[in-house]
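Chemist: First, the structure itself, so that you have it in front of you.
All of the numbers you see were taken from the coordinates with simple rules; none came from a lab. Keep in mind that this is a model prediction, so the values were computed, not measured. Cβ: placed from backbone, ideal geometry, glycine included. Neighbour counts: every protein chain shown.
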Amino acid sequence: MSSFEDRFVKSRVKLLKKSPFFGTILLHTEYELTDSIETAATDGSTLLINEEWMCKQTEDHFNGVLLHETLHMALCHIERTDDLEDMMLANIAADIVVNGIIKDNQISLPKEAIYDDDLKHLGVREIYSILRNKQKENENYISDKYGSEDVNECLRPSKQQGKSEGEKVNKKSKWENIINKAKTIAKMKQAGVKGSGMARVFKELLDPTINWKDALYKYVTQSRADFEGYDRRFIHDGMYIDDVGGNKVHVAAFVDTSGSVDEELLQNFLSELFFAINSTRGTTGYLYYFDTELYPQGNIEDLDGVPKPVGLGGTSFVPIMSELNKIASENAHVNTVGIIYTDGFAPMTWKEPETPLLWCISPGGIKEESIKYGDVVRIEK
């Protein structure tokens, strides 16, 4: 048995004792020793290890690196970032997710490991969107924030290229089963995971940021009856209902212009919204910009392009709720739905509106659990 193999076995045993949840996940990990990389990485199916470098690590760092790469595989980070343009930023975003989970569970990481306490609770694609926007504003942002532009590329997707969607789904199902098994074992041993780590692993794998464009379209084509009896986070559980058709729907769309607006993302969002409304029979829409006040822009089907944002003051949702209730009372024969594009940072002191409500949260915005009423989808590029 080589030096690495011996330490690998001991590491799995130690982690099983310290954290049955993470230890069980590590039991299902396969590795390959190679000189083609300088440190450690994964191709999505296998740990790729530089034995010489790995064996120089302390015991705690050795364990942390193994778990780090294994979580990249378990969370299907390669499959979920393979369409992103900047792989360096994708690697950083994925590292922030897994290192946040590891550090919160008091497992050691090398000092150069990327960690961001402000972003660790978000999904990999949302973190990517935030980092990309920051980098556009300041080309030195990554090096200033994380210490170096020479980021270790843990995600090596070469073996994933060319895989069918069916193969990717099977791989995700495999890790779902492993994680469910790990959860069961952890509960049997009455060993929780600190810092909500287990819950965050489940959220990242089983409840990733959904395709917001699909959610937006599904929402504007529903009738009021379609929303009754569902948990407010049904969208996150993938519980979409087919369009029943034959019902008139009016969409009241509210776009937050209170802070720095990402014009590209705003254009993408409104383009998708306009398309969903204009391509659906029986659906009309009205656009408002808002900060602490409403700025009506007109009927969406009559607008010639995206109006220039106005407002840019503070933020309040109270005028929105008043307007939604007014619209619903004046148009009882029409199914009114509200859609709000915002980062969500404003007091949630209003009463539940009479209409279905979809919150479209911009990158870096408020956590879903902070929103009292309505459904939530996170926006990403």
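Chemist: Can you compute log10 of I(q)/I(0) for the range 259-310 with the Debye formula, treating each Cα as one identical point scatterer, at q = 0.29, 0.32 Å⁻¹?
Modeler: One equal scatterer on each Cα of the range 259-310 leads to -1.27, -1.36.
Chemist: If you don't mind, another one. Short version: ³J(HN,Hα) in whole Hz for each residue of the range 326-338, in order, from phi by Karplus 6.51 cos²θ - 1.76 cosθ + 1.60 (θ = phi - 60°), x for Gly and Pro, what are they?
Modeler: Karplus values, whole Hz, x for Gly and Pro: 5, 4, 5, 6, 7, 10, 5, 7, 10, 7, 8, 10, x.
Chemist: If Lys and Arg each add +1 and Asp and Glu each add -1, what is the summed charge of the other residues whose beta carbon sits under 9 Å from the beta carbon of THR29? Could you put the intermediate results ahead of the total?
Modeler: Numbers: positive: ARG12; negative: GLU30, GLU69.
Neighbour charge sum, excluding THR29 itself: -1.
Chemist: Could I ask something else about it? Hey, can you grab everything whose amide H is under 5 Å from the amide H of SER362? Only 5+ residues off in sequence or another chain; H modelled, so Pro and N-termini drop out.
Modeler: Result for SER362 returns THR342, ASP343, ILE379.
Chemist: From largest to smallest, what semi-axes in whole angstrom does the range 284-352 give when each is the square root of 5 times an eigenvalue of its alpha carbon gyration tensor?
Modeler: Numbers: eigenvalues 78, 69, 15 Å².
Each semi-axis is √(5λ); the values are 20, 19, 9 Å.
Chemist: So what J values fall out for the range 266-272 if you push phi through Karplus, 6.51 cos²θ - 1.76 cosθ + 1.60 with θ = phi - 60°, rounded to Hz, Gly and Pro as x?
Modeler: 5, 4, 4, 4, 5, 4, 5
Chemist: Then there is this: Would you mind counting up the charge near THR292? Only other residues with Cβ under 14 Å from its Cβ, with Lys and Arg at +1 and Asp and Glu at -1.
Modeler: Details: positive: none; negative: ASP256, ASP291, GLU293, GLU323.
Residues close to THR292 contribute a combined charge of -4.
Chemist: Pairs to check: LYS56/LYS181; LYS120/LYS308; LYS145/LYS174; LYS174/LYS372; LYS120/LYS183. Give those whose C-alpha atoms are more than 28 Å from each other in this structure.
Modeler: Details: LYS56/LYS181 32 Å; LYS120/LYS308 34 Å; LYS145/LYS174 35 Å; LYS174/LYS372 34 Å; LYS120/LYS183 21 Å.
Table pairs above 28 Å Cα-Cα are LYS56/LYS181; LYS120/LYS308; LYS145/LYS174; LYS174/LYS372.
Chemist: Could you work out the local net charge near THR342, counting Lys and Arg as +1, Asp and Glu as -1, over the other residues with Cβ closer than 11 Å to its Cβ? If you can, show how the numbers build up before the last one.
Modeler: Values: positive: none; negative: ASP256, ASP291, ASP343.
That works out to -3.
Chemist: Using R₀ = 25 Å, calculate the FRET efficiency as 1/(1 + (r/R₀)^6) where r is the Cβ-Cβ separation of LEU33 and LYS181; round to 0.05.
Modeler: Calculated value: 0.40.
Chemist: Work out the P(r) tail for the range 1-92: percent of alpha carbon pairs separated by more than 22 Å, whole number. Don't jump to the answer; show the numbers that get you there.
Modeler: Numbers: 1130 of 4186 pairs.
The answer is 27 percent, as a whole percent.
Chemist: Return the long-range amide H neighbours of LEU357 (sequence gap of 5 or more, or a different chain), with a cut-off of under 5 Å between placed amide H atoms.
Modeler: For LEU357, the qualifying residues are GLY338, ASP375.
Chemist: What does the highest-first list of 312-325, 283-296, 26-39, 61-74 look like by mean Cβ count within 10 Å? Could the numbers behind the result be given before it?
Modeler: On the way: 312-325: 16.7, 283-296: 19.1, 26-39: 14.2, 61-74: 23.5.
My ranking of the peptides, most packed first, is 61-74, 283-296, 312-325, 26-39.
Chemist: Determine, for each peptide in 121-128, 13-20, 347-354, the mean count of other beta carbons within 10 angstrom over its residues, then list the peptides with the highest first.
Modeler: 121-128, 13-20, 347-354
Chemist: Taking amide H positions as placed in the peptide plane 1.01 Å from N, state which residues far from THR29 in sequence (5 or more) or on other chains have amide H under 5 Å from it.
Modeler: It is none; the list stays empty.
Chemist: Using the Karplus curve 6.51 cos²θ - 1.76 cosθ + 1.60 with θ = phi - 60°, work out ³J(HN,Hα) for each residue of the range 65-73 in order, rounded to whole Hz, and write x for Gly and Pro.
Modeler: 5, 4, 5, 4, 5, 5, 5, 4, 5
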